[in-house]
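Engineer: Next up is a structure, given as C-alpha cells.
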Amino acid sequence: MPYMKFIKLLVKQAFPGKSWQRGRFFAIIIFLSCIKGFAFQQSKPIPEDFVKGRQILKKVIEAAGGVEAFGKIDNFRIKTESKIFGNRSTIELTVSETVKLPDKTKQVFELANGHRIQVLNGETGWSKTGEAVADLSNAEKREMKRGLFRDAINLFKRFNNDTELSVQYLRDEVVKTDTLFILIIKNGSGEFFKLYINSKSYLIEKKSYHGGGPEMVILATLEEIYSDYREVEGVKIPFHTVVKANGKKFIESSVVETEFNLELGEGFFVRE
C-alpha cells in the first residue's frame with residue numbers, strides 16, 4: 001500500500017468526522033518522517049571491506065570462467081582418486097560426487113572392502129553401506145549442507161542472487177613471493193569459511209574452515225589446498241587437492257573425471 005494512502009487511513013481512524021481535516025497536518029508530518037527514515041536506511045553505506053570483498057570475488061569468478069558460464073550449470077559430477085592418511089594406515093578410495101544445485105548431493109565411496117552411498121536431498125538424507133540403508137543423522141546432514149555451502153561452483157553460481165551471502169575482505173597474506181587476498185564468506189545462518197585468492201591469477205589457492213578431522217569427533221581446522229587448474233566446458237577447476245587437518249596432511253585427491261549438466265532421473269536422490 002502506498003505510504004500516503006496508508007497514513008490517511010490511520011489518521012481517519014484516529015480523527016473521525018470533521019476532525020479528519022485537522023488530522024491532515026499530522027498525516028503530513030508522519031509521512032515525511034517515514035520518508036526520512038526510509039531514505040536513511042537506503043543510503044546507509046556498505047563497509048569498505050565488504051565492498052572490496054565482493055569486488056575481489058567477482059574477479060575470481062571471471063578468472064574461473066565468468067558469471068554466465070557458472071549460471072548455466074544445473075548439476076555436475078566430479079570423480080576423484082583419493083587417499084586418506086590415518087595415524088596407522090593409508091586408505092585408498094574412489095569418490096564420485098554428483099551435485100544438483102543448490103541443495104542436493106550424492107556421494108559414492110568405492111573402497112577395497114566395499115562401497116558406501118551418502119545422499120543429501122534438500123532437508124532429508126540417507127546412506128547405504130552394503131545392503132543396509134539408513135537415515136543420515138542430523139550431524140551428517142549438517143556437514144553435507146556445509147560442504148555444499150563451501151563448494152566453489154555453488155558459490156559462483158549464486159553470487160549475484162543470494163541476498164544473504166556476505167563476502168568480506170580480511171587482509172593480504174604473503175606466501176613466498178605470492179600475495180594472497182583473504183576473504184571471509186558467510187551465509188545467513190552464520191556459517192563461514194575463508195578463501196585465499198592469488199592476487200595475480202585470481203584463482204583460489206586455499207580454503208579453510210572448521211570441521212571433523214581424522215578422528216571425526218574432534219573439531220579440526222581444515223585447509224583445502226588447490227593446484228593444477230584445468231578448463232572443462234568453459235570453467236576452470238582444480239584437478240589436485242590436498243586437505244590438511246590442524247596442519248597435518250589428511251586427504252589427497254586427483255580428479256579423474258568431470259561432467260556437467262547430466263540427465264539425472266527424478267529418483268536419482270531418492271532413498272533406495
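Each value in this text was obtained by applying a stated rule to the coordinates, not by laboratory testing. Here the structure is a predicted model, which means the values were calculated and not measured. Counting neighbours? That spans all protein chains shown, and the Cβs are built from the backbone with ideal geometry, glycine included.
Engineer: Alpha carbon centre of the stretch 229-272 versus the stretch 74-150: separation in Å?
Structural biologist: Here the two parts' Cα centres lie 11 Å apart.
Engineer: Would you tally the net charge around Q118, using a Cβ to Cβ cut-off of less than 9 Å, leaving Q118 out, and scoring K and R as +1, D and E as -1? Walk me through the numbers on the way to the answer.
Structural biologist: Working: positive: K106, R116, K128; negative: E140.
Residues near Q118 contribute +2 overall.
Engineer: Follow-up question, since we're still on this one. Give me the extension gain from T129 to V175: residue separation times 0.36 nm, minus the current Cα-Cα distance, reported in nm with one decimal.
Structural biologist: Values: separation 46, 0.36 × 46 = 16.56 nm, distance 4.24 nm.
Here the segment from T129 to V175 would lengthen by 12.3 nm.
Engineer: How much length is gained if the chain between E164 and E143 is pulled fully straight, taking 0.36 nm per residue apart and subtracting their Cα-Cα distance, in nm to one decimal?
Structural biologist: Extending this stretch completely gives an extra 5.6 nm.
Engineer: Right, here's the next one. Taking a 28 Å limit on the Cα-Cα distance, which of the listed pairs K79/K145; K72/K249; K141/K249; K106/K157 fall beyond it?
Structural biologist: K72/K249
Engineer: How far apart, in nanometres, would the label points at Y229 and V256 be if each is projected 7 angstrom from Cα along the Cα-to-Cβ direction?
Structural biologist: Modelled inter-label distance: 2.6 nm.
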